[in-house]
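Novice: I'd like to ask some things about the structure below.
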Amino acid sequence: MAEAPLSVVIPTLDAADSLVATLTALRDEGAGGLVREVLVVDGGSGDRTREVARELGARVLRAERGRGQQMAAGAAAATGAWLLFLHADTRLAAGWTTAVRDFMAGAGGDDAPAAAVFRFALDDPDPRARRIERLARWRGRVLGLPYGDQGLLLSREVYRQVGGFRPVSLMEDVDLVRRIGRRRLVTLESEAYTSAGRYRRGGWWLRPARNLFLLSLYYLGLPPRLLARLYG
């Protein structure tokens, strides 16, 4: 039997509260023949993040704080032929393995997409959450820029070809998907549920507006380290 092909990379920082749901969702039926390893790359948590990860069977690494640096470190340590990058507060929907297997099976053709993301969803019944989800679909469809919360699935070979994650302080996801190219990126028929806590705290309209403002500054050439200061 062929070895499971997929390495899942999760950057963390004080993520003990959300990590249980994220890791538990990876144990979907059929994941045993798909998921080779789960690598939690910690940026210096002060809570029980690393302990929780080990208790749930993940391999724990440490890296310099910053999602770009952490995900690059995880990719370098991964042994699977495929890589799936997830945020620590993102929970994949039941049946996600089917969508991933279907994508893998169709990869490699001349016209086949090179990478995939999940559909963005928030874990809150508030109607305002549905508006944020529609905004995410617009951003992905029109701008070709999915949120990092949607995960990113690609082969190790494609990751290598495009140069992988760069050690930037912010917009590491935007930086990478721009190098992949919007025409080479597809959205899977499966959801990735992300915590809506940041929207409840930061404002259902204010936070998306701030994100778009920072994205505009990024396209205008403002360095990511300065954008990180504005992001807070």
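The values are calculated or read from the model by the stated rules, or taken from the named source; none is laboratory data. Owing to the predicted nature of the structure, the values given are computational and were not obtained by experimental measurement. Here Cβ is always computed from backbone atoms with ideal geometry, including for glycine, and neighbour counts include all displayed protein chains. Just the protein is used for accessible areas: all its heavy atoms, side chains included, with ligands, DNA and RNA removed. Shrake-Rupley method; radii C 1.70, N 1.55, O 1.52, S 1.80 Å.
Novice: Rounded, prolate or oblate: which fits the stretch 1-76, taking a ≥ b ≥ c as square roots of the Cα gyration tensor eigenvalues, rounded meaning a/c under 1.5, else prolate when a/b beats b/c?
Specialist: Working: a/c = 2.56, a/b = 1.45, b/c = 1.76.
Verdict is oblate for the stretch 1-76.
Novice: Could you work out how far the C-alpha centroid of the stretch 185-205 sits from that of the stretch 43-116, in angstrom?
Specialist: Each part reduced to its Cα centre gives a spacing of 17 Å.
Novice: Additional query: Percent of accessible area on the stretch 131-232 owned by carbon and sulfur, 1.4 Å probe?
Specialist: Working: 3000 of 5500 Å².
Using a 1.4 Å probe with all protein chains present, the stretch 131-232 comes out at 55 percent carbon and sulfur.
Novice: Starting from the Cα-Cα distance between Val186 and Asp47, subtract it from 0.36 nm times their residue separation and give me the gain in nm to one decimal. Walk me through the numbers before you get to the answer.
Specialist: On the way: separation 139, 0.36 × 139 = 50.04 nm, distance 3.57 nm.
Additional length available on full extension: 46.5 nm.
Novice: Out of Val41, Val162, Val186, any idea which swings most in a Gaussian network model of the chain, alpha carbons joined below 10 Å?
Specialist: Sorting by GNM fluctuation, first place goes to Val162.
Novice: Here is a further query. Which far-off residues, 5 or more places away or on another chain, put their amide H under 5 Å from the one on Ser190, with H placed in the peptide plane?
Specialist: Hits under the 5 Å cutoff: Arg119.
Novice: Taking R0 as 45 Å, what's the FRET efficiency between Ser216 and Arg59 from their Cβ-Cβ distance, rounded to 0.05? Intermediate values should be presented prior to the final figure.
Specialist: On the way: r = 38 Å, r/R0 = 0.84.
Result of the calculation: an efficiency of 0.75.
Novice: Given the options Ala76, Ala116, Ala136, state which has the largest fluctuation in a GNM of the chain using a 10 Å cut-off (strictly under) for Cα springs.
Specialist: Answer for the Gaussian network model of the chain: Ala76.
Novice: Which of Arg65, Arg119, Arg201 moves most in a GNM of the chain, Cα contacts under 10 Å?
Specialist: Arg201
Novice: Indicate, rounded to the nearest 5 percent, the antiparallel portion of the DSSP beta bridges found entirely in the chain. Please list the in-between numbers first.
Specialist: Details: 9 of 31 bridges.
Bridges in the chain are about 30 percent antiparallel.
Novice: May I ask for the Rg/Rh ratio of the stretch 60-168, computed from Cα atoms with Rh as the Kirkwood radius, given to two decimals? Working shown, then result.
Specialist: Working: Rg = 15.0 Å, Rh = 15.5 Å.
Looking at the stretch 60-168, the ratio lands at 0.97.
Novice: Now for a separate question. Please compute the per residue accessible area over the stretch 136-232 with all protein chains in place, 1.4 Å probe, rounded to a whole number of Å². Spell out each step's value before the answer.
Specialist: Details: 5210 Å² over 97 residues.
That works out to 54 Å² for each residue.
Novice: Ok, one more. Just from its helices, what would the mean residue ellipticity at 222 nm be for the chain, if runs of 4 or more DSSP H residues each count -39500 (n - 2.57) and the sum is divided by every residue, rounded to the nearest 500 deg cm²/dmol? Numbers along the way, then the final one.
Specialist: Working: 10 runs with 95 residues, N = 232.
Roughly -12000 deg cm²/dmol at 222 nm, from the helical runs in the chain.
Novice: Could I ask something else about it? Based on Cβ point charges of +1 for Lys and Arg and -1 for Asp and Glu, what charge dipole magnitude is obtained for the chain about its Cα centre, in debye rounded to the nearest 20?
Specialist: With Lys and Arg at +1 and Asp and Glu at -1, about 920 debye.
Novice: If I ignore ligands, DNA and RNA and count only protein heavy atoms, how much of Trp138 is accessible to a 1.4 Å probe, in Å² to the nearest 10?
Specialist: 100 Å²
Novice: Would you mind counting up the charge near Gln69? Only other residues with Cβ under 13 Å from its Cβ, with Lys and Arg at +1 and Asp and Glu at -1. Before the final figure, lay out the partial values.
Specialist: Details: positive: Arg62, Arg65, Arg67, Arg166, Arg225; negative: Asp42, Glu64, Glu172, Asp175.
Net charge in that neighbourhood comes out at +1.
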